[in-house]
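Okay, structure first, notes after.
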């Protein structure tokens, strides 16, 4: 298993690293200061972020996520994108600087893979340009949405339109003023076979009947204020039939195609987060004294550092293996590797952050360091895009196929 990267990828990696060193890390404090100064009901990004986006786009560090089979992307494979995603993942807000943040990345992949030429022009192009944002509207409060066949929101035909009714929650990014595009998943035919009952349809956020009920804080300060989650109600929302994606009854198919890349992108970013946590742990251990010894002289801390390095490298290898299989055989064939890394990477990152917090003592639980944000992010991803239990069940099912007829 030799993952060697081309000269182009190595050049992009060097440029991405330099950009982060020069423009992102030094501005961390200012970014969060601007965020705190925003009014409570202002969901727009801080001015600093917009300036950095312009710099990234000018330097060609833009839309790197879209796999090379899509002409709209940067021409990279999933494997080639992995080390770049890891670098930008060292900052929770940095992926947006490069137009590589969820949920926009997943939605752009949906339009690129399943959209008609008209839908690509109308919805994909503005997202690729970064002039608008989007939301993926799937999870519901009344049912266990880890099983997408449970969804109760209806998308029913009526003349030349579809009419949408239902309640959704944990919808990322919908509160941002520039969020204009919603991809909504719901039930279009309850009498169809189980996995053909659902459809996906595009809805403009300002359509009559799209009502934002409330913001949903996640722990504390997980996401930039402008991209917070919310609960949303759809009341007799009418959209043209031309807004349906791929065709009626194809929603489950699209969801499976969308979530595979999204899951592995989370894992790539979390490896970057874990590397940052280990770096902070080591710097703290080398700079503090207790009981006449430097922290790194204590056996428990030395063991934590070693375990963290081992676990990060294990997770990175599994991520690269999953990305390689996605490239060579497709997302469906790589589903087992995707499921495994989706369990491993968030759990690993959460553990590494927990160790780093412990080494920092009381300071580690304050926002004087990045550690609480990183721990919360890793903990949240253990639920996002499917909880650990669902992915472990998928791995078990695939494993047992080898032995059970």
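Might you let me know whether the range 170-186 holds any residue that is assigned by TED's automatic domain parsing to the domain that holds residue 213, at positive phi, assigned to a loop (DSSP other than H, G, I, E, B) and surrounded by 23 or more Cβ atoms within 10 Å (Cβ to Cβ)?
Yes, there is a match, as at least one residue in the range 170-186 is assigned by TED's automatic domain parsing to the domain that holds residue 213, at positive phi, assigned to a loop (DSSP other than H, G, I, E, B) and surrounded by 23 or more Cβ atoms within 10 Å (Cβ to Cβ).
Just to be sure I understand, how many residues within the range 326-344 are touching a helix residue (DSSP H, G or I) at 6+ places or on another chain (Cβ under 8 Å) and farther than 19 Å from residue 396 by Cβ?
3
Of all residues in the range 76-105 being out of contact with any strand residue (DSSP E or B) (no Cβ under 9 Å at 6 or more places or on another chain) and within 14 Å of residue 8 (Cα to Cα), which is surrounded by the fewest Cβ atoms within 10 Å (Cβ to Cβ)?
79
Among the residues of the range 365-379, is there at least one that is within 17 Å of residue 146 (Cα to Cα), in the same structural domain as residue 307 (by TED's automatic domain parsing), surrounded by fewer than 22 Cβ atoms within 10 Å (Cβ to Cβ) and within 15 Å of the chain's Cα centre (by Cα)?
Yes: the range 365-379 contains one or more residues that are within 17 Å of residue 146 (Cα to Cα), in the same structural domain as residue 307 (by TED's automatic domain parsing), surrounded by fewer than 22 Cβ atoms within 10 Å (Cβ to Cβ) and within 15 Å of the chain's Cα centre (by Cα).
Testing residue 72 on (1) under 13 Å from the mean Cα position of the chain (by Cα); (2) farther than 19 Å from residue 272 by Cβ, one condition comes back false. Which one is that?
Tallying (1) under 13 Å from the mean Cα position of the chain (by Cα); (2) farther than 19 Å from residue 272 by Cβ, residue 72 fails exactly one: (1).
Can you tell me which condition residue 25 does not meet? The list is (1) out of contact with any helix residue (DSSP H, G or I) (no Cβ under 6 Å at 6 or more places or on another chain); (2) farther than 24 Å from residue 246 by Cβ; (3) not in a helix (DSSP H, G or I), and all the others hold.
Condition (3) is where residue 25 drops out.
Name every residue in the range 54-65 that is in a helix (DSSP H, G or I) and buried (at least 21 other Cβ atoms within 10 Å of the Cβ), in order of residue number.
Once the filter is applied, which keeps residues that are in a helix (DSSP H, G or I) and buried (at least 21 other Cβ atoms within 10 Å of the Cβ), the range 54-65 yields only 56.
So, restricting to strands (runs of 3 or more DSSP E) that lie completely within the range 195-296, which ones have at least 2 residues that are free of Cβ contacts under 8 Å to residues at least 40 places away in the same chain?
It comes to 210-216.
When you go through (1) under 25 Å from residue 298 (Cα atoms); (2) more than 25 Å from the chain's Cα centre (by Cα); (3) without any contact (Cβ under 8 Å) to a residue 12 or more places away in the chain one by one for residue 403, which number turns out not to apply?
Here residue 403 clears every test but (1).
The values are calculated or read from the model by the stated rules, or taken from the named source; none is laboratory data. Just so it is clear, the model here is predicted, and its values are computed rather than measured. Positions of Cβ are generated from backbone atoms using ideal geometry, with glycine treated the same way; all protein chains shown enter the neighbour counts.
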